[in-house]
Amino acid sequence: MIGSLNHVAIAVPDLNSSIQTYQTLLGASVSDKVEQIEHGVTVAFIDLPNTKVELITPLGHESPINNFLKKNPNGGLHHICYGVKNIHKSQRILVKAGAKLIGDGKPKLGAHGKLVIFLHPKDFNGTLIELEEI
Ligand code: CO
């Protein structure tokens, strides 16, 4: 089921500062900032040869990142995303196996316009897992 690493998302309290750190300390190529109002985040993408890292910061009071930053004021690893070929099939297999999915567990359009589901960190050593149909 599991495919390639799609992205790693890091929640940050100050996006401009984080972009600058990646650019100046690591020489990273970072995209322009993208506001994703429907997901309550502003994102910048760090392009790497084999994957990408997303720096995400809250956009608005309802942002799903707000709680995370309350617990982790300096930011931190928010989730890891793996690609899967068939998100509906993956979802059925996971539910049948007893995995805990976030929300109602139904695939929804994610931040890249593709269908995603999120798996609860309790099954994955404290790491929130996103699966994205590729
Ligand atoms: Co993601």
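The values are calculated or read from the model by the stated rules, or taken from the named source; none is laboratory data. Here the structure is a predicted model, which means the values were calculated and not measured. A quick note on method: Cβ atoms are made from the backbone with ideal geometry, for glycine too, and the neighbour counts reach across all protein chains shown. Ligands, DNA and RNA are excluded from the accessible area calculation, which covers all protein heavy atoms including side chains. Shrake-Rupley method; radii C 1.70, N 1.55, O 1.52, S 1.80 Å.
What to note about this one:
- Screening region 115-134 for residues that are free of Cβ contacts under 8 Å to residues at least 24 places away in the same chain and not small (Gly, Ala, Ser) and picking the one that is least open to solvent (accessible area, probe 1.4 Å) gives Pro121.
- When the residues of region 100-116 are filtered to those that are modelled with pLDDT of 95 or more and part of a strand (DSSP E or B), the one that is nearest to Ile56 (Cα to Cα) is Val116.
- Only listed residue being open to solvent by 30 Å² or more (accessible area, probe 1.4 Å), under 18 Å from Glu130 (Cβ atoms) and at pLDDT 95 or above, chosen from Leu5, Leu26: Leu5
- Selection count where residues are over 17 Å from the mean Cα position of the chain (by Cα), of a type outside the set (Asp, Glu) and loosely packed, with under 15 Cβ neighbours inside 10 Å, scope region 75-104: 11
- Phe68 vs. criteria open to solvent by less than 60 Å² (accessible area, probe 1.4 Å), in contact with a Ser or Thr (Cβ under 7 Å, 6 or more places away or on another chain) and within 14 Å of the ligand (Cβ to nearest atom): no
- Some residue of region 49-65 being touching a Lys or Arg at 6+ places or on another chain (Cβ under 8 Å) and over 18 Å from Ile134 (Cβ atoms): no
- Selection status of Pro49, open to solvent by 50 Å² or more (accessible area, probe 1.4 Å), in contact (Cβ under 8 Å) with a residue 40 or more places away in the chain and more than 14 Å from the ligand (Cβ to nearest atom): no
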